[in-house]
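Single-structure report; data block below.
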């Protein structure tokens, strides 16, 4: 897709939301966005929801095809702060391009979002983790073979070569850690590696990922995080560990099992989300 056409589509989607939901009242525009991962759609129950919009009703917006991804944008408030929530994301393995995967991030940017909280369900590689843990993402490794910034740069969206040494904001990370500790939530910290998917990892691949420093693995997040950094957003990454990948004792993982564990952990994600948003 030509970048000019892409920009035009983003602006049309953003203007649609502004006209439908905010009547061009800038005070109602969201400054915080929360992107929910697989099985984590229930992690938003503390938000006072004022509007819901189906993805299919937003011009040019992609549509979720994955089980447990509801395909709705929620708008509302929490602690008096304006927030928007994506219930369902898009993945490279669905056939979407990096630009399509990050289309919502650009819409958020046009709406004025400054804080981006990304959650996902991931497989644990660190054998000190256990299913149900929440891992604060401290850094990531992009092994998808893709990047949403390839092509001509739009200077008004961000610089040509954004620095990636601090993708995940240290202040937001500490707020998340403090909240988890205050509520006795089992919290981990680590490196998330993003793959293309949808096939899960072989034992040999898991050994390789462990050797290069990965603590958890999944099929999302890195595209959105790269676009978020380019957009100048402060980012918090939360991974729910749904299973443990031990290459010496491999066990099959099903999408049903992954969703069940993520659903069980959604309450902890909700608590952490509340604690962070209260302090922003």
Legend entry - Condition check for residue 189: in contact (Cβ under 8 Å) with a residue 24 or more places away in the chain, within 29 Å of residue 93 (Cβ to Cβ) and in a strand (DSSP E or B): yes
Legend entry - Among the candidates 201, 224, residue that is within 16 Å of the chain's Cα centre (by Cα) and within 27 Å of residue 145 (Cβ to Cβ): 224
Legend entry - Sole exception among (1) on the phi > 0 side of the Ramachandran plot; (2) modelled with pLDDT of 95 or more for residue 132, by number: (2)
Legend entry - Among the residues listed as 95, 80, the single one being surrounded by fewer than 18 Cβ atoms within 10 Å (Cβ to Cβ), out of contact with any strand residue (DSSP E or B) (no Cβ under 6 Å at 6 or more places or on another chain) and either in contact (Cβ under 8 Å) with a residue 60 or more places away in the chain or closer than 24 Å to residue 205 by Cα (or both): 95
Legend entry - Residues of region 55-74 classified as under 18 Å from residue 29 (Cα atoms) and modelled with pLDDT under 95, total: 3
Inset, instruction - Tally the residues that are outside any loop (DSSP other than H, G, I, E, B) and under 18 Å from residue 201 (Cβ atoms), restricting the search to region 231-261. - result: 10
Inset, instruction - Could you tell me whether region 107-116 includes any residue that is surrounded by fewer than 24 Cβ atoms within 10 Å (Cβ to Cβ), assigned to a helix (DSSP H, G or I) and touching a helix residue (DSSP H, G or I) at 6+ places or on another chain (Cβ under 7 Å)? - result: yes
Inset, instruction - Inspect region 20-39 for any residue being at pLDDT below 90, in a helix (DSSP H, G or I), out of contact with any helix residue (DSSP H, G or I) (no Cβ under 7 Å at 6 or more places or on another chain) and more than 25 Å from residue 158 (Cα to Cα) and give the result as yes or no. - result: yes
Inset, instruction - For residue 228, state whether it is touching a strand residue (DSSP E or B) at 6+ places or on another chain (Cβ under 8 Å), crowded, with 23+ Cβ neighbours inside 10 Å and not in a helix (DSSP H, G or I). - result: no
Legend entry - Index of the failed condition, residue 166 passing every other in (1) under 17 Å from the mean Cα position of the chain (by Cα); (2) surrounded by 14 or more Cβ atoms within 10 Å (Cβ to Cβ): (2)
Legend entry - Positions within region 192-206 being surrounded by fewer than 16 Cβ atoms within 10 Å (Cβ to Cβ) and either free of Cβ contacts under 8 Å to residues at least 24 places away in the same chain or on the phi > 0 side of the Ramachandran plot (or both), in sequence order: 199, 202
Inset, instruction - Check 154, 149, 143 and return the single one that is buried (at least 17 other Cβ atoms within 10 Å of the Cβ) and out of contact with any strand residue (DSSP E or B) (no Cβ under 7 Å at 6 or more places or on another chain). - result: 149
Inset, instruction - Using the structure shown, decide if residue 173 is modelled with pLDDT under 95 and not in a loop (DSSP other than H, G, I, E, B). - result: no
Legend entry - Evaluation of residue 104 against (1) surrounded by fewer than 24 Cβ atoms within 10 Å (Cβ to Cβ); (2) assigned to a helix (DSSP H, G or I); (3) within 16 Å of the chain's Cα centre (by Cα) (one fails), failing number: (1)
Legend entry - Selection from region 207-221 of residues that are assigned to a helix (DSSP H, G or I) and either touching a helix residue (DSSP H, G or I) at 6+ places or on another chain (Cβ under 9 Å) or within 23 Å of residue 132 (Cβ to Cβ) (or both): 209, 210
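The values are calculated or read from the model by the stated rules, or taken from the named source; none is laboratory data. These numbers come from a predicted model, not from an experiment. Counting neighbours? That spans all protein chains shown, and the Cβs are built from the backbone with ideal geometry, glycine included.
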